[in-house]
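For reference, the structure discussed in these notes is given below.
The values are calculated or read from the model by the stated rules, or taken from the named source; none is laboratory data. Bear in mind that the values here come from a model prediction, so they are computed numbers and not experimental data. With ideal geometry, Cβ positions are generated from the backbone for all residues, glycine too; neighbour counts draw on all protein chains shown.
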Amino acid sequence: MKKVVVLGAGESGVGAALLAQKQGFEVFVSDRGALKPEYRQALAAHGIAFEEGGHTESRILDADLAIKSPGIPEKAPLIREIRNRKIELISEIEFASWFAKGTILAITGTNGKTTTTRLTWHLLRQCGIDAALGGNVGKSFALNVLERESPVHVLELSSFQLDDIRDFRPHIAMLLNITPDHLDRYDYQMENYARAKFRIIENQGPEDLFLYNGSDPLTMEYFGKTRIPGKAQEIRLDMVRDGFLNAGGLEYDLNKSRLKGLHNAMNALFAIHAAQAMGVPAELIQEGLSSYVNAPHRMEWVAEIAGVAYYNDSKATNVESAFYALQATNQPFVWIVGGQDKGNDYASLVEFVREKARAIVCLGVDNRKIVEAFGSLGKPLLETGSAKAAVNAAAGFARPGDAVLLSPACASFDLFKNYEDRGDQFREAVRELKRETEN
């Protein structure tokens, strides 16, 4: 029996372990940290051997196949030793693809992946297509393959997941954009990061479709250096005009959708072209655009209080994501920003703040770079240490017709467990304020 070791027991690792067991492999799971209770219970319930709090190297190096969590860097000593021993090392995405029989739609890019993936899935389901949602959103690809054989898989994929593919082949691949991110994993070489993104198409055939952003400078720079095996179709900014989208010679109205801003119009164009390729009729695509609801923490409308709209964009953990949110907000706003800085350069946001910000509320332990970047604009600026304090401060600055926008441009780990925790606390603080205001 072939021995499989799974490194990392998160969503993808546990899914891979369960699928490997079903396929008849002898499975061992190893995690350097502590397992979440639900993952520990899932492994124990299926009789899968596992360890936590460290790696037993001798047992790991006895494997025939290693499946690596995307969070484990290639430079980790254990990964290097696995490579030295010539043990095959793959990602959960690669492993799941060996047993998936359905059509695969895969989406990558630095920003917009989750919205585009969820919207594509939503448009397919409008047509009655039985599609599974997986990868970095929904369940892991492996768990979806394990639980039932869906005719279509819609996958959100990071560069880390693409790093360790071998034969993974999406029938429709989308590359939304490329901006600098995670460069510490790629030797601080932009080319290495871009090459990882373009791996999404390396196994495509002539009949497969590749949707790419022809208006994105870095995508186009590396497009010319990359072999394109499938049918390439360009998505461009000039396909968007006054909230109407031109796709495949047809026009779609995005004005009544919850998707706001030019970046979301581009995300929608990718999803529409994929839906068209899958045979979804135009009228159902339009219905899907109008009925789509944003995922939590992504320009999520929370409430309106005293004529002020509150938006939770906690997923904006980098400057690029915050740029899109500030660009998309048409009314004056109070901006809640800050957290764990990732070497941010805020220069691209200065004009938005100068023109549209009513005030700035910092939500972080160390706000010096934010104060330095925006303090000279003459906007009211206040530092806070909790979501409740930030919401209450923002409410004090906002006027009827304004928006309060949590779009932090920073990681969350200084005050919160993760961006979800930050967004959840913001949402609850807004709802508490609404209850207090209405009583």
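Number of residues in the stretch 83-122 that are β-branched (Val, Ile, Thr), free of Cβ contacts under 8 Å to residues at least 60 places away in the same chain and more than 14 Å from ALA268 (Cα to Cα): the value is 1.
Quick check on this structure: which one of TYR212, TYR188, TYR222 is closer than 17 Å to SER159 by Cα and without any contact (Cβ under 8 Å) to a residue 24 or more places away in the chain?
Numbers: TYR212 fails: without any contact (Cβ under 8 Å) to a residue 24 or more places away in the chain; TYR222 fails: without any contact (Cβ under 8 Å) to a residue 24 or more places away in the chain.
Being closer than 17 Å to SER159 by Cα and without any contact (Cβ under 8 Å) to a residue 24 or more places away in the chain holds for just one of TYR212, TYR188, TYR222, which is TYR188.
Only one of the numbered conditions (1) buried (at least 16 other Cβ atoms within 10 Å of the Cβ); (2) in a helix (DSSP H, G or I); (3) modelled with pLDDT of 95 or more is not met by GLY396, and that is (1).
Residue by residue, here is whether (1) under 20 Å from the mean Cα position of the chain (by Cα); (2) surrounded by 15 or more Cβ atoms within 10 Å (Cβ to Cβ) holds:
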site	(1), (2)
SER257	no, yes
GLY279	no, no
GLU283	no, no
TYR292	yes, yes
GLU300	yes, yes
ILE305	no, yes
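Picking from SER407, SER321, which residue would you name as being of a type in the set (Gly, Ala, Ser), out of contact with any strand residue (DSSP E or B) (no Cβ under 8 Å at 6 or more places or on another chain) and closer than 22 Å to LYS113 by Cα? After applying the criteria, what remains is SER321.
Got a number for residues in the stretch 202-218 being within 20 Å of HIS171 (Cα to Cα) and outside any loop (DSSP other than H, G, I, E, B)? Selection size over the stretch 202-218: 5. Filter the stretch 239-267 for residues that are out of contact with any strand residue (DSSP E or B) (no Cβ under 6 Å at 6 or more places or on another chain) and assigned to a helix (DSSP H, G or I) and give the result. Once the filter is applied, which keeps residues that are out of contact with any strand residue (DSSP E or B) (no Cβ under 6 Å at 6 or more places or on another chain) and assigned to a helix (DSSP H, G or I), the stretch 239-267 yields LEU262, HIS263, ASN264, MET266, ASN267. Summed over the stretch 369-391, the residues that are crowded, with 17+ Cβ neighbours inside 10 Å, part of a helix (DSSP H, G or I) and of a type in the set (S, T, N, Q) give a count of 0. Evaluated against (1) modelled with pLDDT of 95 or more; (2) touching a His at 6+ places or on another chain (Cβ under 8 Å); (3) within 27 Å of ALA306 (Cβ to Cβ); (4) not polar (S, T, N, Q), LEU406 falls short on exactly one condition, (2).
Only helices (runs of 4 or more DSSP H) wholly contained in the stretch 33-147 count here; list those with 1 or more residues that are out of contact with any Phe, Trp or Tyr (no Cβ under 9 Å at 6 or more places or on another chain). Walk me through it before giving the result.
Values: elements: 37-45, 57-60, 77-84, 92-97, 113-126, 141-147.
Fully inside the stretch 33-147 and qualifying: 37-45, 57-60, 77-84, 113-126, 141-147.
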